[in-house]
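Student: Attaching a single structure in structure tokens format; questions to follow.
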């Protein structure tokens, strides 16, 4: 069987990324141009600024990805690209580039769902991983608990009803004066604190697999305001540790419960928050206690990157799915929706 070489493009938020893959799981290059330093001064991603930087970076990033992989344009079999969900202006930059390449090279275009890409990051990291399994996708924009039934076939068991977990991390970090992005900063500070020092609420929503972090976020902000009003000293490490414990307890318990309820033997995590050391440690322990295999991607595949999009795109392509050149950006695209 002929090896399939593909170019993948990801521009859904504030990373401009291009990757070259062979057969969906072997990464020949994965170039990521991050805008974190640009958005730090704003305390979060500014969509217009992100779009302008994607325009500036997209062509050099694509060329670098091809050069690093020692691949020419004519060696490509198809192009994969994120078309949703995400920031509409940012998505359009990558999508326009991918469509132009597909048209000029007369090769197929494969539109990829961003969350599907995060899940597929585990296929790159773990060559033995195959569906079915439960995947917890946690990032700044998404918190989904997904039953991965097959390649490209998903059932959403639950998702956030308000703030995503990563969004709550960013807002709490800002309140603590830690800066942006909040996830790594809180994770680092939490190691110095007592996770049982402050009893923040856990929202389980009865038997639902949905998530809610707005109440927890508000509880942290109310605690900080109360301490300031009473002019009492705030132990930021204890706040960070106690907040993180509340988030991780809910995420982990729901993921394990889903695996047991649906008789799965494997669970995985994906998305930016899957880089969180405490979440990895907790699920490693809980998976072992429940005789489950636990998978998580390496750090470079946790945050947004084109390699994960390329892996997801490969499995869509071999299933016969191809996109028209009139494919448009869909900022609110649901998982499983075309």
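Student: For the condition surrounded by fewer than 22 Cβ atoms within 10 Å (Cβ to Cβ), over 20 Å from the mean Cα position of the chain (by Cα) and assigned to a loop (DSSP other than H, G, I, E, B), what is the one hit in 205, 224?
Tutor: 205
Student: Regarding residue 263, is this residue assigned by TED's automatic domain parsing to the domain that holds residue 95 and either crowded, with 21+ Cβ neighbours inside 10 Å or at pLDDT 95 or above (or both)? If you could, list the steps in order and put the result at the bottom.
Tutor: Numbers: assigned by TED's automatic domain parsing to the domain that holds residue 95: no; either crowded, with 21+ Cβ neighbours inside 10 Å or at pLDDT 95 or above (or both): yes.
Here the answer is no, as residue 263 does not meet what is asked.
Student: With respect to residue 27, is the statement that it is farther than 18 Å from residue 104 by Cα, modelled with pLDDT under 95 and assigned by TED's automatic domain parsing to the domain that holds residue 98 true? I'd like the intermediate steps shown before the answer.
Tutor: Values: farther than 18 Å from residue 104 by Cα: yes; modelled with pLDDT under 95: no; assigned by TED's automatic domain parsing to the domain that holds residue 98: yes.
Answer is no for this residue.
Student: Can I ask one more? Taking region 85-118, which residues are farther than 18 Å from residue 61 by Cβ and out of contact with any helix residue (DSSP H, G or I) (no Cβ under 7 Å at 6 or more places or on another chain)?
Tutor: Residues satisfying the conditions are 88, 103, 106, 107, 111, 113, 115.
Student: Looking at (1) surrounded by 17 or more Cβ atoms within 10 Å (Cβ to Cβ); (2) touching a strand residue (DSSP E or B) at 6+ places or on another chain (Cβ under 7 Å); (3) touching a residue at least 24 places away in the same chain (Cβ under 8 Å), which is the one condition that is false for residue 132?
Tutor: For residue 132, the exception is condition (1).
Student: Turning to a different aspect of this structure: What number of residues within region 37-59 are in contact with a strand residue (DSSP E or B) (Cβ under 8 Å, 6 or more places away or on another chain) and either at pLDDT 95 or above or outside any helix (DSSP H, G or I) (or both)?
Tutor: Kept after step one, since they are in contact with a strand residue (DSSP E or B) (Cβ under 8 Å, 6 or more places away or on another chain), are these residues of region 37-59: 53-54, 57-58.
After this cut, where a residue has to be either at pLDDT 95 or above or outside any helix (DSSP H, G or I) (or both) as well, the list is 58.
Count: 1.
Student: Let me ask something else about it. Looking at region 165-185, can you tell me whether even one residue there is crowded, with 17+ Cβ neighbours inside 10 Å and touching a strand residue (DSSP E or B) at 6+ places or on another chain (Cβ under 6 Å)?
Tutor: Within region 165-185, one or more residues are crowded, with 17+ Cβ neighbours inside 10 Å and touching a strand residue (DSSP E or B) at 6+ places or on another chain (Cβ under 6 Å).
The values are calculated or read from the model by the stated rules, or taken from the named source; none is laboratory data. Bear in mind that the values here come from a model prediction, so they are computed numbers and not experimental data. All Cβ positions, glycine included, derive from the backbone under ideal geometry; neighbour counts span all protein chains shown.
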